[in-house]
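The structure appears below as structure tokens.
Derivation of every value follows stated rules applied to the coordinates shown; laboratory data play no part. Computed from a prediction, not measured in an experiment: that's the story for all the values here. Note that we place each Cβ from the backbone using ideal geometry, even for glycine, and neighbour counts take in every protein chain shown.
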Ligand SMILES: *Cc1c(COP(=O)(O)O)cnc(C)c1O
């Protein structure tokens, strides 16, 4: 492929995108359920390369394998890297449908903008991911709660040491058959609201899906796990008072019959599942709002007997109930630790839409074509 277009053109260029496909010589045996989360990888990966001279190009699908990177690649040294994550589900007619891929690609580009990574042409990435899913469609699991997880990642590959945005990038997409992150029927989890650690600062990169946010969360999370909690409930970095996220999920609470989630900000990741859940709730006529929720308010609602439900949402975790919340040495139990009816209904409703068992008025499902 002899691309001689400039950067400005590359950003608006819709290529014929002849994807170079090299098939794996031997195909791996399929895993059996339970798959766990992210333990298995399919036969192929997809890649795109960016250089300043050519823009994004060289679309390729190659056998799954390791990557080779410069020791001084800015993606290693300075965390100039981003990712996104979504799922494709097997449908009742045997087809495979991605769930809201356009929104995930748009978010990848928002993360890219924040990290000085060049924008990817959405159609180019969409076709590349569809070709990859088509080629590895035999890996799509059919068990309830399971899906084919799709992880597009961009890493700065230019090797240099001074501090500036890199000039070369690699985009890689891998696929993984996954089960439920928290198995269905599992007990609601116990979480710790940290008054010591903060996930994201105002003006920082908390709303970008960039590796550093996850590395930054590990220390506090490990300490919480050692004390018997499963996640950290992150409070805002300014007042250390308002709920932001739980682990790597967006948080919802139901107080006195009203469902609430914190409004988006630059320290909250704009979850696609969050958006889907808000939309499902609004369509069902439920009382729902995006407004700040103070940690004291949760404890007061619990004392008043109006704390109905607490749950987290995310692609991996789907809709996960939260049973106990600890803060400053006090711990409250939500609904005697049982899963609440709204949490339960949303979990099944979301899976039904994703798996083609419910209608899809919003056009959230995108069928993966058979490219032959
Ligand atoms: C990915 C992620 C979410 C969930 O986003 P979805 O689009 O719903 O998967 C929430 N919080 C953080 C910090 C995340 O990284």
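Going by the conditions given, is residue 271 over 25 Å from residue 206 (Cα atoms) and crowded, with 18+ Cβ neighbours inside 10 Å? It is false that residue 271 is over 25 Å from residue 206 (Cα atoms) and crowded, with 18+ Cβ neighbours inside 10 Å. Restricting attention to segment 246-257, the residues being within 12 Å of the ligand (Cβ to nearest atom) and surrounded by fewer than 18 Cβ atoms within 10 Å (Cβ to Cβ) number 0.
So, restricting to helices (runs of 4 or more DSSP H) that lie completely within segment 52-146, which ones have at least 2 residues that are more than 15 Å from residue 170 (Cα to Cα)? It would help to see each step written out before you state the result.
Values: elements: 74-77, 101-114, 122-135.
Of the helices (runs of 4 or more DSSP H) lying wholly inside segment 52-146, those with at least 2 residues that are more than 15 Å from residue 170 (Cα to Cα) span 101-114, 122-135.
Scanning segment 190-213 for residues that are part of a helix (DSSP H, G or I) and closer than 27 Å to residue 323 by Cβ turns up just one, 213. Can you spot a residue in segment 258-266 that is away from the ligand (no atom under 16 Å from the Cβ), over 17 Å from the mean Cα position of the chain (by Cα) and free of Cβ contacts under 8 Å to residues at least 12 places away in the same chain? No; the residues of segment 258-266 include none that is away from the ligand (no atom under 16 Å from the Cβ), over 17 Å from the mean Cα position of the chain (by Cα) and free of Cβ contacts under 8 Å to residues at least 12 places away in the same chain.
The single condition among (1) without any contact (Cβ under 8 Å) to a residue 60 or more places away in the chain; (2) within 16 Å of the ligand (Cβ to nearest atom); (3) in contact with a strand residue (DSSP E or B) (Cβ under 8 Å, 6 or more places away or on another chain) that residue 213 does not meet is (3).
Only one entry of 302, 348 meets the criterion of being within 23 Å of the chain's Cα centre (by Cα) and away from the ligand (no atom under 16 Å from the Cβ), and that entry is 348. Residue 243 - would you say it is buried (at least 21 other Cβ atoms within 10 Å of the Cβ), under 30 Å from residue 341 (Cβ atoms) and more than 16 Å from the ligand (Cβ to nearest atom)? So residue 243 fails the test.
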